[in-house]
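Below: one structure, written as structure tokens.
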Amino acid sequence: MKLFIRRFPDPILREKSDEIKKIDKNLIDFIEKLKDLMYSNKGCVGIAAPQVGFLKKIVLVDTSKHKKAIENHGFLLMINPQIIECDGVTITREGCLSVPDFTGNVTRFENIKVKYFDISGEAKSIMTFGFEAVVIQHEIDHLDGVLFIDRIKNSKRDLFNRKNY
């Protein structure tokens, strides 16, 4: 099965995702396809399962090649991620594969601690800040049916037509 990015206003992007209860071969195969899709999109630093219509709590993040990522954890696969601590505020310009025509200024936490499960089902947690923290928050939002455009306070001032990079 080939995966494709669901685009706004697809209603599935507004659905809440369910927790993963069991990690099996089918789930691992899906995650590999999702990872391939993420890396096949130039400049992509994260993707969430709902973006391809799979309403499960899975997030992939890799900011390691992005110039804004001063420090990062490399490739992260997060199953059932939860932000358990947050601090500080930052405003960043965000874009999204599911909202391809726009970017926008979004307010996020500067520092976060996230707990999640890895592919083997082991509980993990990380502390992160800056760009990587923003990307993780953006992807976790997808699990709750929230898009970055929902977090823009003033669409006249903070929403922009996407430039061709």
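The values are calculated or read from the model by the stated rules, or taken from the named source; none is laboratory data. Bear in mind that the values here come from a model prediction, so they are computed numbers and not experimental data. Cβ atoms come from the backbone with ideal geometry, glycine included; neighbour counts cover every protein chain shown.
The table for this structure:
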{"item": "Matching option when the condition is surrounded by fewer than 19 Cβ atoms within 10 Å (Cβ to Cβ), touching a Gly at 6+ places or on another chain (Cβ under 8 Å), basic (Lys, Arg) and on the phi < 0 side of the Ramachandran plot, among LYS113, LYS68, LYS33, LYS56", "result": "LYS68"}
{"item": "Qualifying residue in the range 116-137 (condition: in contact with a Ser or Thr (Cβ under 7 Å, 6 or more places away or on another chain) and farther than 21 Å from ALA69 by Cβ)", "result": "no"}
{"item": "Candidate set from the range 95-110 (those that are over 14 Å from ASN161 (Cβ atoms) and of a type in the set (D, E, K, R)); member that is farthest from the chain's Cα centre (by Cα)", "result": "GLU110"}
{"item": "Residue pairs meeting the criteria (Cβ under 6 Å; at least 6 apart or on separate chains; first among the acidic types (Asp, Glu), in the range 58-86; second assigned to a loop (DSSP other than H, G, I, E, B))", "result": "ASP62/PHE75"}
{"item": "When residues of the range 38-53 are limited to those that are small (Gly, Ala, Ser) and at pLDDT 95 or above, the one surrounded by the most Cβ atoms within 10 Å (Cβ to Cβ)", "result": "ALA48"}
{"item": "CYS96 out of contact with any Pro (no Cβ under 7 Å at 6 or more places or on another chain), more than 20 Å from LEU13 (Cα to Cα), surrounded by 14 or more Cβ atoms within 10 Å (Cβ to Cβ) and at pLDDT 95 or above", "result": "no"}
{"item": "Tally of residues being closer than 22 Å to PRO100 by Cα and either among the charged types (D, E, K, R) or free of Cβ contacts under 8 Å to residues at least 24 places away in the same chain (or both) across the range 1-35", "result": "11"}
